[in-house]
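Reading through the structure tokens given below for one structure.
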Amino acid sequence: MTSSDRSQVVDVKGTYEVRTYGCQMNVHDSERLSGLLEDAGYVRAPEGTAEGDADVVVFNTCAVRENADNKLYGNLGRLAPMKTKRPGMQIAVGGCLAQKDRETIVKRAPWVDVVFGTHNIGKLPVLLERARVQEEAQVEIAESLEAFPSTLPTRRESAYAAWVSISVGCNNTCTFCIVPALRGKEEDRRPGDILAEVEALVAEGVSEITLLGQNVNAYGSDLGDREAFSKLLRACGEIEGLERVRFTSPHPRDFTDDVIAAMAETPNVMHQLHMPLQSGSDTVLKAMRRSYRQERFLGIIEKVRAAMPDAAISTDIIVGFPGETEEDFEQTMHVVREARFANAFTFQYSKRPGTPAATMEGQIPKEVVQARYERLVALQEEISWDENKKQVGRTLEVMVAEGEGRKDDATHRLSGRAPDNRLVHFTKPDEPVRPGDVVTVEITYAAPHHLLAEGPSKAVRRTRAGDAWEKRTAAAAAEPAGVMLGIPTVGAPAPTPAPATSGCGFTG
């Protein structure tokens, strides 16, 4: 949905709230759900609205964690008495858990009005209206994609940064992951459609995009072009006004030399890479049905570093996969030492209902998994800190963000992201700056998870993205409450949500 769409006066149906769980694809889908609801005449519930006070509450769920259903039904249970007091209130459940559990949701929580799946998010407004008129729950789960999410209206959470989905679904069969069964086989968008969306976003003031896919660098397998992803990165480099391009998450199996070359040679493609490891043991990787081995993974890291010495590489690791021995775990520790990740999302293995790994022999005792997990975290913390210390003394261009620094008001600082996506807190410049503007700073201190620039800024560059943020903020302040469609709140997709768990969508 464009800003002009939102300027139209509509009959307001009520307020809505979307609660999002899981991976970046869910975050992106929630922007679409919000856009659909606003197109239908709802307005976003104001910040600070009490639980249960929104007229429509939508849960966009994740099915990856073992206790995902318990968390959902606990949240639904808290809303039951509130809905009893407000008969007009509606509750909808979508996402992966809805795709998986289907009719079970309304059986366990009969006060839910709508259940929809991952393939038919565009039906939400229609289903809400049908539930209201017929006064009964509507459960509609499509088995295949009805419309590519990027064709739907959207309510972006940022004026200066945006997600762009390039594919949906996944062709992998990892034994710990249920996502392919819920999201379906990979379907790729046409390159021209993707680039048209990027160009439209840049025209609105966006200066940073993140390309999304369940297995983003497998892009092209549905199109019959093995180099489609590297071509797409290079094409993004031709778009004037697009300053930063990121993508998440690739799979080692599909990470080819042409992609490395495109990253190194395209100026606006950031030298940042999230490359899921999962385990350093060849035995465990085979049991996980991962199609690479330790040597292949470290070979990719070596090639990336040769082409881009400044690249910041992050990863996902599962500790305690069924059958993992102490020797297997030591192989993971070895890869972590060799790869020198900037950071790692580490997870203790937990059974994912519906996955082959859930019924494998050799489930590891909780106390053993916990001990290994703590050793891994301690090692990675040490490496992250060492790698961040190498940034001290460097001069970096930081794109100002909103909501990244929780202590900014108290410390009189601002926060943003360096080109390699490291979080930087810096002294507030004398001149005013806005989210989306770029500030040049010198790094003076490093912590394991952030950098600090305590001196005066070397330069401030006001950008079209900052102009877009300022325009949006002014429009939101001037908007008559309850009459105009809601204007998106500010804030970038970054901070990128940490993957909900390994194996879900973007943890490849």
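The values are calculated or read from the model by the stated rules, or taken from the named source; none is laboratory data. Since we're looking at a predicted model, the values are computed, not measured. Using ideal geometry, Cβ is built from the backbone for each residue, glycine included, and neighbour counts are taken over all protein chains shown. Please note that ligands, DNA and RNA were not included when accessible areas were found on the heavy atoms of the full protein model with its side chains. Shrake-Rupley method; radii C 1.70, N 1.55, O 1.52, S 1.80 Å.
Structural remarks
- Surface listing: His412, His251 arranged by accessible area from highest to lowest gives His412, His251, probe 1.4 Å.
- Proximal aspartates and glutamates relative to Lys83, as straight alpha-carbon distance under 18 Å, when same-chain residues fewer than 8 apart are discounted: Glu17, Glu51, Asp53, Asp55, Asp113, Glu129, Glu135, Glu136
- Full-stretch length increase - Ala50, Arg406 - with 0.36 nm per residue and alpha-carbon distance subtracted: 126.0 nm
- For the range 342-418, the list of trypsin sites (Lys or Arg not before Pro) that fall in a loop by DSSP and count at most 10 other C-beta atoms within 10 angstrom reads Arg406, Lys407.
- Accessible area of the chain belonging to carbon and sulfur atoms, whole % at 1.4 Å probe: 50 percent
- For the chain, the per residue solvent-accessible surface stands at 41 Å², with DNA, RNA and ligands left out and a 1.4 Å probe.
- Met270 accessible area, 1.4 Å probe, all protein chains in place, Å² to nearest 10: 20 Å²
- Mean separation of Cα pairs under 8 Å and 6 or more residues apart, divided by the residue count, gives the chain a relative contact order of 16 percent.
- A 1.4 Å probe, protein heavy atoms only, puts the accessible area of Ile301 near 10 Å².
- Computed [θ] at 222 nm, deg cm²/dmol, the chain (DSSP H ≥ 4; -39,500 (n - 2.57); rounded to nearest 500): -10500 deg cm²/dmol
- For the range 200-311, the residue among Pro252, Val304, Gly220 whose Cα projects farthest onto the positive side of the dipole built from Cβ charges is Pro252.
- In terms of distances greater than 27 angstrom between alpha carbons, the cross-link table entries Lys231/Lys286; Lys185/Lys231; Lys107/Lys351 yield Lys231/Lys286.
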